[in-house]
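Encoded as structure tokens, the structure appears first; notes follow it.
The values are calculated or read from the model by the stated rules, or taken from the named source; none is laboratory data. Here the structure is a predicted model, which means the values were calculated and not measured. When we count neighbours, we look across all protein chains shown, and the Cβ atoms used for this are built from the backbone with ideal geometry, even at glycine.
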Amino acid sequence: MEARVGVFVCHCGTNIASMVDVGRVVEAARSFPGVVHAEDYKFMCSDPGQALIKDAIARHQLNRVVVAACSPRMHEPTFRKACAEAGLNPYLFEMANIREHCSWVHEDREAATVKAIDIVRMAVAKARLLEPLQTRAVKVEPKVLVVGGGVAGIQAALNLAAAGIKVIMVERRQSIGGRMAQLDKTFPTLDCSACILTPKMVQVAQHPNITLYTYSEVEDVKGFVGNFEVTIRRKATYVDPDVCTACGVCLEKCPKKVPSEFDEGLATRKAVYRLFPQAVPGKPVVDRASCTYFVNGKCRVCERFCEPKAFRWDDQDRLVKERVGAILVATGYDLIDASSLAQWGYGRYPDVITGIEFERLNNATGPTGGKILKKDGTEPQAVAILHCVGSRDRNYKEYCSRICCMYALKFAHLLKEKTRAAVYNFYIDMRCFGKGYEEFYHRLLHEGVKFIRGKAAYVTDEAMSDEERGRLVVVAEATTLGQVVRVPVDMVILASAVTPQRDALEVARRFGMGLSPDGFFMEKHPKLEPFSTATDGVFLAGACQGPKDIPDAVAHGAAAASTAMALIARGEVEVEAATAEVNEEVCSGCKVCQDICPYGAIGFDADRRVAVINASLCKGCGTCVATCPSSAIIGRHFTDAQVVAQIDALFA
Ligand SMILES: Cc1cc2nc3c(=O)[nH]c(=O)nc-3n(C[C@H](O)[C@H](O)[C@H](O)COP(=O)(O)OP(=O)(O)OC[C@H]3O[C@@H](n4cnc5c(N)ncnc54)[C@H](O)[C@@H]3O)c2cc1C
């Protein structure tokens, strides 16, 4: 049947129209082969815009539609749906991106207009060769995997469980709680972190809809939206949780002490341990790497004192398989290695500490019982808090870590409350963006805290006066004074940059996600879908997507949960029809495609000696199409003929 193409050019307000002469694009489109109708509109994605397309399909008997607007990532589903509602197969629609690929990246209106015309001509050439494709509906497994048991993951899991959905939560540490469990008071309300968090942790452990796997990690993910199969490695704990009564005697008796990761190395824990006293679950695990029995074959003191006989020295890692319909990744954040920032003296001077170390010092359950003390056990007379340590700095992390200004203010308040120290905040500018945050800053202005506008250049112990002798000196350019200042102090707290987890790339690959340039997990759309990812059915929750404070992490977790909930409630999903297809007559059975497929979607029929594509797993990425040495694989919706027509149109 002859192609009757309709072209619809969007102004996108002024996003496109200010740089591209939309009228000329429409005029040019009218002359392209196959085009029977072309028009423009201010916002094609709006209701009237879509109505205009549907109306034109009926009036002009269009059998192909091209919309020249933004990225298909943004509105391809919108326009496909509009076409379907007008009775046109949605795969007979093609999108020409004249915003991200054109108006946004050019400054010359004439050149941008010519380019937009080229882009539309190419899209029309492809559209003429499009073929209708049929999507398939598949059932959704009514269960959700939550990876990471910080506050974001906890909130997501509890919301899902409250809606009656089964949840599997996987946390790699001995306990859930994440970073929030390490905090003492939380800004701006100064409410106790543990008081808010621990009840939620207990709810997770006790909820009948939640299965909690701590000391575990997801090792493999197969499948697709609605039907993922995950393999979880449950690390050997050497303690039978069904027998252990969590009495804690083994923790007392174990003779081996190692630095406590929870206390940031400021205190020790035993080789058999729980992460912290309020850990959930409360049953301890044996840290094989430091346990004397595993290191040199002797000890097992813990076992001698264990009344219920819960130790299992032959315990092994176990692989558990679970089928889930959706995955929420809530793996949180890390902090920049402060010892890599030599100018601020961390690791060189014992009383230069990180923010998270200060949290532990200040915590009643921490190494000093909540007293803010220097390494020599005395109280500091003056403390400097350095903002933006590694953040907003082209040498390290260009982005703002968002939480540091606020926790730096919180620290200043706590120092004033607990000590008689003079407190200096060295800042670039104060970013108090949340509800009640600016008010908290103003409160601090009246508490006698000294604010020095200027990033600290370095910390030294080289004295230039008697006042500085035996102390740390913070050197900074105070920009309001226009001069370099030297401030002698006894303790320096570094508000070190929030970073992605060290294994973010590995985790991203495992779950089919991308990374943003800053290294955090990439969301599908920064504004409209900051909790979705490029892989359908895989969602993001909390600070793994970018630095977040607790309210934002909780809101993000809840948003991700509600989106997963909607998926589960629908009961079935449509899987992409633009997948790869093998021409069996041409396939040589070399299996090159099998190794290259990033989604494990290609199998091999040994009898017929041909590659077989599992359409449910295939994402239509085209890697196999480009790789097949016999050109035996066709990318539906991106066939050679369609792509070549597109390229030829550029030179027409
Ligand atoms: C010094 C400091 C003070 C702060 N003070 C405040 C404050 O007063 N108020 C406030 O609102 N915010 C504060 N914050 C921010 C707060 O810590 C975060 O908002 C919050 O922890 C984010 O929660 P999350 O669940 O996204 O991540 P996290 O707390 O990082 O939790 C992530 C969880 O995922 C687990 N995990 C990681 N990788 C894997 C994996 N591959 N598999 C399984 N599990 C995994 C981790 O072990 C962890 O349990 C502070 C932060 C710092 C550094």
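If only residues of segment 192-224 that are near the ligand (Cβ under 10 Å from one of its atoms) and in contact with a helix residue (DSSP H, G or I) (Cβ under 7 Å, 6 or more places away or on another chain) are counted, the one that is farthest from Ala330 (Cα to Cα) is Ser193. Based on what the data block shows, is Lys81 in contact with a strand residue (DSSP E or B) (Cβ under 9 Å, 6 or more places away or on another chain) and surrounded by fewer than 23 Cβ atoms within 10 Å (Cβ to Cβ)? It is false that Lys81 is in contact with a strand residue (DSSP E or B) (Cβ under 9 Å, 6 or more places away or on another chain) and surrounded by fewer than 23 Cβ atoms within 10 Å (Cβ to Cβ). Under the condition of being surrounded by fewer than 22 Cβ atoms within 10 Å (Cβ to Cβ) and under 22 Å from the mean Cα position of the chain (by Cα), the residues counted in segment 379-393 number 2.
Taken over segment 498-516, the criterion of being outside any strand (DSSP E or B) and either near the ligand (Cβ under 10 Å from one of its atoms) or at pLDDT below 95 (or both) is satisfied by Gln501, Arg502, Asp503, Ala504, Glu506, Val507, Arg509, Arg510, Phe511, Gly512, Met513, Gly514. The residues listed here are Ser465, Ser516, Ser532; of these, the one that is surrounded by 17 or more Cβ atoms within 10 Å (Cβ to Cβ), of a type in the set (Gly, Ala, Ser) and without any contact (Cβ under 8 Å) to a residue 60 or more places away in the chain is Ser532.
Total residues in segment 304-333 satisfying the condition of being surrounded by fewer than 18 Cβ atoms within 10 Å (Cβ to Cβ) and touching a residue at least 12 places away in the same chain (Cβ under 8 Å): the figure is 15. Does Gly164 satisfy being more than 10 Å from the ligand (Cβ to nearest atom), assigned to a loop (DSSP other than H, G, I, E, B) and over 30 Å from Glu417 (Cβ atoms)? When the stated conditions are applied, Gly164 passes them. Among residues of segment 177-191 being assigned to a loop (DSSP other than H, G, I, E, B) and within 6 Å of the ligand (Cβ to nearest atom), the one that is nearest to the chain's Cα centre (by Cα) is Leu183.
Can you report the number of residues in segment 439-450 which are touching a strand residue (DSSP E or B) at 6+ places or on another chain (Cβ under 7 Å) and crowded, with 18+ Cβ neighbours inside 10 Å? Residues meeting the conditions: 1. Within segment 136-161, the set of residues being more than 8 Å from the ligand (Cβ to nearest atom) and among the β-branched types (Val, Ile, Thr) comprises Val138, Val140, Val144, Val146. Scanning segment 538-549 turns up no residue that is part of a helix (DSSP H, G or I), surrounded by fewer than 18 Cβ atoms within 10 Å (Cβ to Cβ), within 25 Å of the chain's Cα centre (by Cα) and modelled with pLDDT of 95 or more. The listed residues are Ala58, Ala125, Ala111, and the only one of them that is buried (at least 22 other Cβ atoms within 10 Å of the Cβ) and either assigned to a helix (DSSP H, G or I) or within 31 Å of the chain's Cα centre (by Cα) (or both) turns out to be Ala125.
Taking first residues from segment 480-503 that are on the phi < 0 side of the Ramachandran plot and in contact (Cβ under 8 Å) with a residue 60 or more places away in the chain and partners that are among the charged types (D, E, K, R) and within 15 Å of the ligand (Cβ to nearest atom), the Cβ contacts under 7 Å between residues at least 6 apart in sequence or on separate chains come to Ala497/Lys397; Thr499/Asp334; Thr499/Lys397; Pro500/Asp334; Gln501/Asp334; Arg502/Asp334.
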